[in-house]
């Protein structure tokens, strides 16, 4: 079978349609489905897409209106995002040069102009289902669910951790698809040379990196955040005394932030002149931006300003955000904004920023937290 025959095989067209319809909070028009499938698979005959939609409605798809479709929830593989009514989205929140949108980032990104984003700094969800409404309700009620609520340690309350070690092969594949489609939608919206810096963890960074590279972004290394986390180092569950000298996994002492870039146009200096992107801003004339940053867990007084389970400290974020715009000009996007810490960091260093947050509770928290985080004065390591 030739490459084109393989690309247009009914099974691959079907899977691509299912993927793009599960990763949206809106029912999509046929034209939107065609555009997204083309981003995922490359040029695909419109007739193949339309035929598959017609043949598999209502078995796989629901026709919401003329030419408007969504996937049936039982076929979403656990990734279906809640279909939202446009009137349910809150009005944007703005402060200084920062704007936060209550929206689904997949849908928001697709509507932006090409070559309009200078950089991305974000800390996305990794289990996907850990930020589903039912799991968030359990977390907020202290029930845990997919979240592990660690016991207090030396008098300190430990932050909840998603159980990435429990992900199945299917969930890891869903994760790869999630980031692949996200990156394919994002790629044309980035300016050539735009940096994409994404928080990850040692267990899943290989999936993220593979998906972004397959989508067309260039890997440029990673930032190592030196921080002792509460992940790993535990003795075997229910056998602590029997195996008191054993740690199931090493105690994590670092956090990877992968660095990718949209391919530049021509030479770096040409790209910098035209697009103002293509490198990192030096810390000083004698000190380049470094890829190892000493840090510390987010302290209690900062977490109180922005109660999010994955909140990163402003001292660390401001250093990263400052570095991603090589000339100090442009707009930084955080498509998974949470409680707005990236936007606060950008505002604190004088950059324009845009954040997208789908969860209404976190959007409302971010609207309150961003002004407080902007005013926050970090001390020591971040």
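Restricting to segment 184-225, name every residue that is within 25 Å of residue 312 (Cα to Cα) and without any contact (Cβ under 8 Å) to a residue 40 or more places away in the chain.
Once the filter is applied, which keeps residues that are within 25 Å of residue 312 (Cα to Cα) and without any contact (Cβ under 8 Å) to a residue 40 or more places away in the chain, segment 184-225 yields 203, 206, 207, 210, 211.
Among the listed residues 368, 347, which satisfies the condition of being assigned by TED's automatic domain parsing to the domain that holds residue 317, closer than 21 Å to residue 309 by Cβ and in a helix (DSSP H, G or I)?
Result of the check over 368, 347: 368.
Could you tell me whether segment 327-335 includes any residue that is within 23 Å of residue 285 (Cα to Cα), assigned by TED's automatic domain parsing to the domain that holds residue 295 and in a helix (DSSP H, G or I)?
No, segment 327-335 has no match at all.
Considering only residues of segment 20-33 that are modelled with pLDDT of 90 or more and not in a helix (DSSP H, G or I), which is nearest to residue 88 (Cα to Cα)?
In this case the residue turns out to be 28.
Would you please name the residue that is surrounded by the most Cβ atoms within 10 Å (Cβ to Cβ), looking only at residues in segment 57-75 that are at pLDDT below 85 and in a loop (DSSP other than H, G, I, E, B)?
Of everything passing the filter in segment 57-75, 60 is surrounded by the most Cβ atoms within 10 Å (Cβ to Cβ).
Is it the case that some residue within segment 124-135 is at pLDDT 90 or above, touching a strand residue (DSSP E or B) at 6+ places or on another chain (Cβ under 8 Å), under 19 Å from residue 332 (Cβ atoms) and not in a loop (DSSP other than H, G, I, E, B)? Please lay out each step first, then the result.
First, pick out the residues of segment 124-135 that are at pLDDT 90 or above: 124.
Filter once more, so that each one left must be touching a strand residue (DSSP E or B) at 6+ places or on another chain (Cβ under 8 Å): 124.
Now drop any that are not under 19 Å from residue 332 (Cβ atoms), which leaves 124.
This time we only want the ones that are not in a loop (DSSP other than H, G, I, E, B), so: none.
Within segment 124-135, not a single residue is at pLDDT 90 or above, touching a strand residue (DSSP E or B) at 6+ places or on another chain (Cβ under 8 Å), under 19 Å from residue 332 (Cβ atoms) and not in a loop (DSSP other than H, G, I, E, B).
Of the conditions (1) out of contact with any strand residue (DSSP E or B) (no Cβ under 6 Å at 6 or more places or on another chain); (2) surrounded by fewer than 16 Cβ atoms within 10 Å (Cβ to Cβ); (3) at pLDDT 80 or above, residue 36 clears all except one; give me its number.
(2)
Of the conditions (1) part of a helix (DSSP H, G or I); (2) under 22 Å from residue 91 (Cα atoms); (3) touching a strand residue (DSSP E or B) at 6+ places or on another chain (Cβ under 6 Å), residue 321 satisfies every one except a single condition; which number is it?
Going through the list (1) part of a helix (DSSP H, G or I); (2) under 22 Å from residue 91 (Cα atoms); (3) touching a strand residue (DSSP E or B) at 6+ places or on another chain (Cβ under 6 Å), residue 321 breaks only (2).
In segment 355-375, what residues are modelled with pLDDT of 95 or more, touching a strand residue (DSSP E or B) at 6+ places or on another chain (Cβ under 8 Å) and surrounded by fewer than 24 Cβ atoms within 10 Å (Cβ to Cβ)?
356, 367, 371, 374
The values are calculated or read from the model by the stated rules, or taken from the named source; none is laboratory data. Note that the coordinates shown come from a computational prediction; the quantities given were computed from them, not determined experimentally. We place every Cβ from the backbone using ideal geometry, glycine too, and count neighbours over all the protein chains shown.
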